[in-house]
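Structure record follows, encoded as structure tokens.
The values are calculated or read from the model by the stated rules, or taken from the named source; none is laboratory data. The shown structure was predicted, so the numbers you read here are calculated from the model rather than taken from an experiment. Methodologically, a virtual Cβ is constructed for each residue, glycine included, from the backbone with ideal geometry; neighbour enumeration extends over all protein chains shown. These area figures cover heavy atoms from the full protein model, side chains too; ligands, DNA and RNA do not enter into them. Shrake-Rupley method; radii C 1.70, N 1.55, O 1.52, S 1.80 Å.
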Amino acid sequence: MNAPTSPASPRPDFAQVPDLAPFRARRERLLARMQAAGGGVAVLPTAPERIRNRDAHYLYRHDSYFYYLTAFREPEAVVVLVAGEQPQQILFCREKNEEREIWDGYRYGPDAACEVFGFDEAWTIGDLEKRLPDYLADQPLVWASLGYDSAWDATVLDALNSVRGKARSGIVPPHSIRDLRAELDEMRLVKDAAELATMRHAAQISAAAHCRAMRATRPGRFEYEIEAELLHAFRSAGSQAPAYTSIVAGGANACVLHYIDNDHLLRDGDLLLIDAGCELDGYASDITRTFPVNGRFSTAQREVYETVLAAQHAAREATRPGAHWNAPHEAAVKVLAQGMIDLGLLQGSLDGVIESNAYSRFYMHRTGHWLGMDVHDAGEYKLGGEWRPLAEGMVLTIEPGCYIRPADDVPEHLWNIGIRIEDDAVVTADGCELITADAPKTVADIEALMREARDG
Ligand code: GLY
Ligand code: MN
Ligand code: MN
């Protein structure tokens, strides 16, 4: 271990280090799962820094899997977990560097990181190549995530080959590599209490941001001005960044599912669809609201809106422990397809429209996804070829929509109406809880909020 050195820049306020007990508990749980599956050594790097242009970097974001186990947010770090009778938890991280700390800020260095984040040992990242083969020696398995980063693949395979090269001195190399992500995906799918607390907080910040956006919206403003209101609400509440690029889509732009230009004028009579959520302490939120730019839904807009809202309600009712993953989607599709028939968008019977997939012309995405550290979070949707059952502690979005592009066979009064309503749901013991419910979504509540902002 490195000799302790005095910090070149002040150590960050330790209040910013989260409660480490859940992170330690996850490492213990992973070690127990590894042990049950044959033992071995897990090796996991955090994300690399990325160049934006010339020597400027993108805002650094740790790797979600790595953070899940460590709470450590610095780049250039690797965690090694050794299962067995005498388990070991080891961190490799950047060494102290006075000059770099003057330019870039505090780094823990191995000594402080080991103590603060609760590892058995910590070493400088420069030692990884030299030390990794020793951890792999005489171990039955390596648990790693390969195929995502060729430099990391080479690090793991080089270490493995280095152990193989010592076979004649009696050292036995690991005989197989297991997918570490697959193991962690299952753990990440069911959130612990600390994760749920952070996700609730993130959801509240995002809901408040959507309220702020509704209050700020008027004909004549630009989409990017409303995006700025969202960013203001996120950052001023302590969120580190948006969880994904915000969609602020007025009028016809709402029918472009991944619209992120956010540079158009907002016009009287149009709807505005906002899909935006903050990331807080590594956890995402994901909310969509659609509302009238002028504060009043037209008759046609209201008719489509009420259909989507009813579909969301049906999907929410279908979200409970034991229900299979696709049940909320099937419930939403049923309501949406009937609505499309009633609105004159589709002809035929409900069963026929669902069976032929005709509804997908106006509803072409699924009704949700897992949510957690990543906006489209880890976890399989099927087990053994069947949709997996929902269980308490899983978190998913419920986000039906309807997107009507102009066409000869589409009633003209519905052209360019694009609506999505998205909430974040925690599966509870007997149903689900919408943690984003503070963002208004009934026609009456949205119109009241906007009227109050305009008049007050
Ligand atoms: N905001 C990304 C999504 O709704 O899936
Ligand atoms: Mn979503
Ligand atoms: Mn979304």
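Tabulated results
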read-out: Residues located in the range 272-295, provided they are in contact with a Pro (Cβ under 8 Å, 6 or more places away or on another chain) and either open to solvent by less than 10 Å² (accessible area, probe 1.4 Å) or more than 16 Å from ligand 3 (Cβ to nearest atom) (or both); value: Leu272, Ala276, Gly277, Cys278, Asp281, Arg289, Val293, Asn294
read-out: Residue in the range 403-422 that is part of a helix (DSSP H, G or I) and polar (S, T, N, Q) present; value: no
read-out: Test: residue in the range 296-304 that is touching a Lys or Arg at 6+ places or on another chain (Cβ under 9 Å), buried (at least 22 other Cβ atoms within 10 Å of the Cβ) and over 25 Å from Ala208 (Cβ atoms); value: no
read-out: Check on Val395, outside any loop (DSSP other than H, G, I, E, B), within 16 Å of ligand 3 (Cβ to nearest atom), among the β-branched types (Val, Ile, Thr) and modelled with pLDDT of 95 or more; value: yes
read-out: Gln347 vs. criteria within 28 Å of Glu433 (Cβ to Cβ) and either within 16 Å of ligand 1 (Cβ to nearest atom) or open to solvent by 50 Å² or more (accessible area, probe 1.4 Å) (or both); value: no
read-out: Hits in the range 359-392 (condition: free of Cβ contacts under 8 Å to residues at least 40 places away in the same chain, within 16 Å of ligand 2 (Cβ to nearest atom) and open to solvent by less than 40 Å² (accessible area, probe 1.4 Å)); value: His369
read-out: Pairs, first touching a residue at least 60 places away in the same chain (Cβ under 8 Å) and among the small types (Gly, Ala, Ser) in the range 264-276, second assigned to a loop (DSSP other than H, G, I, E, B) and within 16 Å of ligand 2 (Cβ to nearest atom), C-beta under 6 Å, six or more apart; value: Ala276/Ser246
read-out: Filter result for the condition that a residue is more than 16 Å from ligand 3 (Cβ to nearest atom) and touching a His at 6+ places or on another chain (Cβ under 7 Å), over Gly250, Gly238, Gly220, Gly269; value: Gly250
read-out: Positions within the range 136-150 being touching a residue at least 60 places away in the same chain (Cβ under 8 Å) and either open to solvent by 30 Å² or more (accessible area, probe 1.4 Å) or in contact with a Phe, Trp or Tyr (Cβ under 9 Å, 6 or more places away or on another chain) (or both), in sequence order; value: Gln139, Pro140, Ala144, Ser145, Asp149
read-out: Asn326 surrounded by fewer than 24 Cβ atoms within 10 Å (Cβ to Cβ), more than 16 Å from ligand 1 (Cβ to nearest atom) and under 22 Å from the mean Cα position of the chain (by Cα); value: yes
read-out: Qualifying residue in the range 189-209 (condition: touching a Lys or Arg at 6+ places or on another chain (Cβ under 8 Å), surrounded by 18 or more Cβ atoms within 10 Å (Cβ to Cβ), not aliphatic (A, V, I, L, M) and not in a helix (DSSP H, G or I)); value: no
read-out: Residues satisfying the stated conditions in the range 414-433, i.e. within 16 Å of ligand 3 (Cβ to nearest atom), under 22 Å from Ala254 (Cβ atoms) and hydrophobic (A, V, I, L, M, F, W, C); value: Ile419, Ile421
read-out: Qualifying strands (runs of 3 or more DSSP E) (wholly inside the range 29-144; at least 2 residues being in contact with a strand residue (DSSP E or B) (Cβ under 8 Å, 6 or more places away or on another chain) and not hydroxyl-bearing (Ser, Thr, Tyr)); value: 41-45, 78-82, 88-93, 121-124, 141-144
read-out: Among (1) in contact with a strand residue (DSSP E or B) (Cβ under 7 Å, 6 or more places away or on another chain); (2) in contact (Cβ under 8 Å) with a residue 40 or more places away in the chain; (3) surrounded by fewer than 20 Cβ atoms within 10 Å (Cβ to Cβ); (4) not in a loop (DSSP other than H, G, I, E, B) - the single one Arg454 does not satisfy; value: (1)
read-out: Restricting the range 403-427 to residues that are more than 15 Å from ligand 1 (Cβ to nearest atom) and closer than 29 Å to Met199 by Cα, the residue that is surrounded by the fewest Cβ atoms within 10 Å (Cβ to Cβ); value: Val426
read-out: Tally of residues being within 11 Å of ligand 1 (Cβ to nearest atom) and under 23 Å from Ile205 (Cα atoms) across the range 257-272; value: 2
read-out: Some residue of the range 232-253 being over 19 Å from the mean Cα position of the chain (by Cα) and part of a loop (DSSP other than H, G, I, E, B); value: no
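Residue by residue, here is whether (1) basic (Lys, Arg); (2) open to solvent by 20 Å² or more (accessible area, probe 1.4 Å); (3) more than 24 Å from Leu160 (Cβ to Cβ); (4) over 24 Å from the mean Cα position of the chain (by Cα) holds:
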{"residue": "Asp19", "(1), (2), (3), (4)": "no, yes, yes, no"}
{"residue": "Arg29", "(1), (2), (3), (4)": "yes, yes, yes, no"}
{"residue": "Arg54", "(1), (2), (3), (4)": "yes, yes, yes, yes"}
{"residue": "Tyr58", "(1), (2), (3), (4)": "no, yes, yes, no"}
{"residue": "Glu101", "(1), (2), (3), (4)": "no, no, yes, yes"}
